[in-house]
1. Tell me, in nm to one decimal, what length is gained between Ser85 and Ser54 on full extension, where the rule is 0.36 nm per residue of separation less the Cα-Cα distance?
2. Straight-line reach only, C-alpha to C-alpha below 27 angstrom: list the lysines that Lys99 could link to, leaving out same-chain residues fewer than 8 apart.
3. Taking only the alpha carbons of the chain, what extent do you get along each of the three principal axes, in Å, biggest first?
4. If you average the sequence gap of Cα pairs under 8 Å that are 6 or more apart and divide by the length of the range 73-128, what percent do you get for the contact order?
5. State in Å² the accessible area per residue of the range 37-128; use a 1.4 Å probe, count heavy atoms of protein chains only, and round to the nearest integer.
6. Carbon and sulfur together cover what percent of the accessible area of the range 8-128 at a 1.4 Å probe radius?
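The values are calculated or read from the model by the stated rules, or taken from the named source; none is laboratory data. Just so you know, these numbers come straight off a predicted model, no measurement behind them. Only protein heavy atoms, including side chains, enter the accessible area calculation; ligands, DNA and RNA are left aside. Shrake-Rupley method; radii C 1.70, N 1.55, O 1.52, S 1.80 Å.
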Amino acid sequence: QVQLVESGGGLVQAGGSLRLSCAASGRTFSSYAMGWLRRTPGKEREFVAAIHSSGLDTVYSDSVKGRFTISRDNAKNTVYLQMNSLKPEDTAVYYCAAKGGTYSSISYYRSIPAYDYWGQGTQVTVSS
């Protein structure tokens, strides 16, 4: 069993910044690819960002590229999402997710079904 716990969500004004954290259980965190995904009311879950187990390869959705940065600290079993220049349309519940197994192209992690484990989510609200 793998547990993922997100934290760091909150209310910010447009143009502000927020950093989300995801703490993972287990000793195999360093072998997981990790992703951040989000969901707004009335919409399906949307890919945001992903990072390979190495931490060297990342991919972002077009809507957040240049504003958000995903990173990981394998020694702390934690993945982060630094969100800058936030917009009202970024308002969503943000989920941390993990994928184990063999290596895949980083683009594979844009796919929601790629992930094996999910956190419970943390609310991010951006006011205008």
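1. 8.4 nm
2. Within reach: Lys43, Lys65, Lys76.
3. 42, 27, 25
4. 48
5. Heavy-atom SASA per residue in the range 37-128 reads 51 Å².
6. 47
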